[in-house]
Amino acid sequence: MTDINNLTNVAIERAKHLQEFAVFRDMDTIVFSGKPAPYSIRHNMGELAEITVPAINQDEAEQRVNEWINGQQV
């Protein structure tokens, strides 16, 4: 039970420290596969897309967006 309690505590502490970070990407790099996007995306023509990502820090947010975009490539 201790392992389950530890994992639960780690997950709760992580959730407490999540913040929203803005990650900016060129819309041409984002391929939509017909599935809903896991993040909020805001885009104005001629500007970079702003992707809002829950993460612990900016680096993690950037990494999550990169993983998502790379997973969308066909």
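The residue of segment 25-55 that is nearest to the chain's Cα centre (by Cα), among those that are of a type in the set (Val, Ile, Thr) and at pLDDT 95 or above, is VAL53. Note on segment 28-64: residues that are in contact (Cβ under 8 Å) with a residue 40 or more places away in the chain and more than 19 Å from HIS17 (Cα to Cα) amount to 5. Are any of the residues in segment 11-27 assigned to a helix (DSSP H, G or I), surrounded by 10 or more Cβ atoms within 10 Å (Cβ to Cβ), in contact (Cβ under 8 Å) with a residue 24 or more places away in the chain and of a type in the set (Val, Ile, Thr)? Within segment 11-27, not a single residue is assigned to a helix (DSSP H, G or I), surrounded by 10 or more Cβ atoms within 10 Å (Cβ to Cβ), in contact (Cβ under 8 Å) with a residue 24 or more places away in the chain and of a type in the set (Val, Ile, Thr). For ALA22, the criteria (1) at pLDDT below 95; (2) among the small types (Gly, Ala, Ser); (3) touching an Asp or Glu at 6+ places or on another chain (Cβ under 7 Å) hold in every case but one, which is (1). Find the residue count for segment 3-19, including only residues that are of a type in the set (Ser, Thr, Tyr) and at pLDDT below 90. Total satisfying the criteria: 0.
If the condition is being assigned to a strand (DSSP E or B) and either among the hydrophobic types (A, V, I, L, M, F, W, C) or more than 30 Å from VAL10 (Cα to Cα) (or both), then segment 28-58 contributes ILE41, ARG42, ALA49, ILE51, VAL53, ALA55.
The values are calculated or read from the model by the stated rules, or taken from the named source; none is laboratory data. None of these values were measured; they are calculated from a predicted model. Cβ coordinates were reconstructed from backbone atoms using ideal geometry, including for glycine residues, and neighbour counts include every protein chain displayed.
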